[in-house]
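**Student:** Sharing a structure with you now.
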Amino acid sequence: MARTLNLHDIQGNVVRAYGRFSFPFARYFFFNISDAAEGRKFVDDVRRHVTTAARWPEEAEKPDCTVNIGFSFLGLWKLEVPPRTLRGMPFEFAEGMKDRAFVLGDRNTSEVAADDPDWDAHWDPIWRANRQGGDGGRDDVHIWVSLNAQLKTIGATDPVDALEERTQWLRDLCTASNSGVRLLSGIGPDGTGDYQSAHAIFEKHGDMMLPSPKEHFGFSDGIGDPVFDGQYPAEKMKTSVIGRGKRVDGKWVPIATGEFLLGHPDESQELPPAAMPPEFSQNGTFMAFRKLHENVSSFDEVVSEEAKRFATVMDIPEQEARETLRAKMCGRWSDGVPLAVVPTFESWQAFRAEKGFDDPDPMVAVQNHTAYLRSPEASDFRYADDMPGFKVPGGAHIRRMNTRDYLDPLNKPGVDASGKPYPNHDATHALNKRRRVLRRGLPYGASDPAQNTDQTEQGVALMILGTSLFRQFEFVQQQWVQYGLDFHQGNNTCPMLGDHSVHTRHTITSDPKSGKPPYIMSKLKTFVECRGGEYFFVPSMTALRLIAMGVVDPT
């Protein structure tokens, strides 16, 4: 039986990835609290405008600009949330993302004992100063507020006026607090920004500039976000869950709500651990905010160099070699078509023609591509029928981030006497469904790839949500991104997100029947670097009111 959620009590950014709902612009603000009473007044003012998960347009009007809010552990403490509640918070949330740097691979794990005070010198100043101590917490990040805005005019690249109006509103709230709440600066390498700006990458189609689903390496992104019980109405759930839920008895069903919302049963049929009182945690979740810088020049140079060798080894044109290598690193072709379904360059080109991705009318081409990415077809695939990785290499990015049915204990590696992978038609998501995370956020930086180098400012402002930072986000980041044993890759890290300062290889297996040898990319560099971030609690509307009132625990 489908779960019914009180969507009016849940913040909208938990249920929706705003970018998919025509909000291609975002600004992320970070505040410091020095006066608890003023901090609670600030929260009360903001909460009255927070965008909930109420469905558009059935239950609420779609806003021009959304508003959402979250708190670091120190922020809750500064707001005088009682000790009983704070003691019930997860230890990783209390420690904060910076102190988890070794776990996350943000610091070199081969130098665990190193005491280098400048290890985070490449981080934005706001995140270097966060949790430094010695200043009474004056530079600590306590509150996160996000604004997501719609386009002002279809075909142009300007947000609605409401984005700037909301920005000024937040500034005015800080002024009214008599310095009790301050908007922190320190965004960007030079530290001059007082908010993290983000927006979809815009591309020219005919005479129009339109937001694309791409990130700065040129891949369509944000396709396979998980679907949980109660997230969509019954009719929409029938299609949305395909490829994005979990497989049970050969069918796709939604993931348990408690994996993403506190106070609801999770995949272990238990309520996830939560702080007391229950009303404070119910319908809330945890979020990792991470600013991820993309080294575009390094990525292009490595792929170009490897493509020349790959083309020679495989006896194929260099352009085909380049696109194939990119796909084998990611697990999808650059337009989002999964290798698991369309495994060869030739079949990919035919697939694009069949779907009309290259229609002579650029607007028709965009519509065809968008419709495909939003359809179940883009997510409905599995890995249990490709255990050797002939189609999707075992260490490919999307295979690590969402292992699907690959880790079913009954899967059998290798191939049978006929050279085909052993089938397991009943493979489930048993060891994957507890590691799923909700991904939110947008790219930041210039839309023109010709402007981007390793030194320019571009990447993804990423928000990762789940009820257990440790079991979900941190596990995936440590064990599946920065390590490869579960994928028979040894110490090889994710070819796209991994730290390649030591391990620089990515293995591309080859079906022996093809007559082609396996290929090892051996010159990988670190293409994605963390520029800072923090862990936040994203409370329900009920909890926001409790915080604002200063009465979290009546006992």
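**Student:** So how far, in whole Å, is the C-alpha centre of region 105-176 from the one of region 234-278?
**Tutor:** When both Cα centres are located, 31 Å separates them.
**Student:** Counting helices only, and only those DSSP H runs with n ≥ 4, report the 222 nm mean residue ellipticity of the chain as the sum of -39,500 (n - 2.57) divided by its residues, in deg cm²/dmol to the nearest 500. Numbers along the way, then the final one.
**Tutor:** Details: 16 runs with 137 residues, N = 555.
Mean residue ellipticity, 222 nm, calculated: -7000 deg cm²/dmol.
**Student:** Which value, to two decimals, describes the C-alpha radius of gyration of region 212-321 once divided by 2.2 N^0.38 Å?
**Tutor:** Compared with the compact-globule rule of thumb, region 212-321 sits at 1.62.
**Student:** Rounding to the nearest 20 debye, state how big the charge dipole of the chain is about its Cα centre with +1 on each Lys and Arg Cβ and -1 on each Asp and Glu Cβ.
**Tutor:** 1160
**Student:** Based on the mean of other beta carbon atoms within 10 Å per residue, what is the order of 488-499, 392-403, most packed first?
**Tutor:** Numbers: 488-499: 21.6, 392-403: 24.1.
Answer by packing, highest mean first, reads 392-403, 488-499.
**Student:** Follow-up. Using a/c under 1.5 as the rounded threshold, could you call region 143-182 rounded, prolate or oblate? The axes a ≥ b ≥ c are square roots of the C-alpha gyration tensor eigenvalues, and prolate needs a/b larger than b/c, oblate otherwise.
**Tutor:** Cα axes put region 143-182 in the prolate bin.
**Student:** On to the next question. Straight-line reach from Lys214: which aspartates and glutamates fall under 16 Å, measuring Cα to Cα and dropping same-chain residues less than 8 apart?
**Tutor:** Glu203, Asp225, Glu294, Asp300, Glu323, Asp335, Asp448
**Student:** For the Cα atoms of the chain, what angle does the longest principal axis make with the long axis of helix 36-47, in degrees from 0 to 90, nearest 10?
**Tutor:** It is inclined by approximately 60 degrees.
**Student:** Averaging over every viewing direction, what projected area does the convex hull of the Cα atoms of the chain cover, in nm²?
**Tutor:** The Cα convex hull of the chain, projected and averaged over all directions, gives 25.5 nm².
**Student:** Tell me which of Thr370, Leu184, Thr66 sits at the most positive position along the dipole axis of the chain, charges placed on C-beta atoms (Lys, Arg +1; Asp, Glu -1).
**Tutor:** Sorting the options by dipole projection puts first Thr370.
**Student:** Next up: Rounded, prolate or oblate for region 30-144? Axes are the square roots of the Cα gyration tensor eigenvalues, ordered a ≥ b ≥ c, and the cut-off for rounded is a/c under 1.5.
**Tutor:** Prolate is the answer for region 30-144, as a/c is 1.5 or above and a/b outweighs b/c.
**Student:** Filter Lys41/Lys291; Lys328/Lys523; Lys98/Lys523; Lys420/Lys513; Lys420/Lys516 down to the pairs with a C-alpha to C-alpha distance above 18 Å, please.
**Tutor:** Lys41/Lys291; Lys98/Lys523
**Student:** Which whole-number percent is the relative contact order of the chain (Cα, under 8 Å, 6+ apart)?
**Tutor:** Here the relative contact order equals 21 percent.
**Student:** Over what distance in Å are the Cα centres of region 364-380 and region 507-529 separated?
**Tutor:** The two parts, judged by their Cα centres, are 28 Å apart.
**Student:** Another question about this same structure. Taking region 410-555 on its own, what percent of its Cα-Cα pair distances exceed 28 Å? Numbers along the way, then the final one.
**Tutor:** On the way: 4781 of 10585 pairs.
In whole percent, the share of Cα-Cα pairs in region 410-555 beyond 28 Å is 45.
**Student:** Can you bin region 305-360 into rounded, prolate or oblate? Criterion: square roots of the alpha carbon gyration tensor eigenvalues sorted a ≥ b ≥ c, rounded for a/c under 1.5, prolate for a/b above b/c, oblate for the rest.
**Tutor:** prolate
**Student:** Considering the options His293, Gly105, Pro517, tell which one lies farthest towards the positive end of the dipole of the chain, charges being +1 on Lys and Arg and -1 on Asp and Glu at the Cβ, about the Cα centre.
**Tutor:** Farthest along the dipole direction, towards plus: Pro517.
**Student:** Still on this structure: At a 10 angstrom cut-off on C-beta neighbours, averaged per residue, how do the peptides 301-314, 328-341 rank from highest to lowest?
**Tutor:** 328-341, 301-314
**Student:** Okay, moving on. Straight distance only, please: which lysines reach the Cα of Lys62 with their own Cα at less than 18 Å, same-chain residues fewer than 8 apart left out?
**Tutor:** Counting by Cα, and skipping residues close in sequence, Lys62 has these lysines nearby: Lys152.
Just so you know, all these numbers are worked out from the coordinates, no wet-lab data involved. Not measured: the values here are computed from a predicted model. Note that each Cβ is placed from the backbone with ideal geometry, even for glycine, and that neighbours are counted across all protein chains shown.
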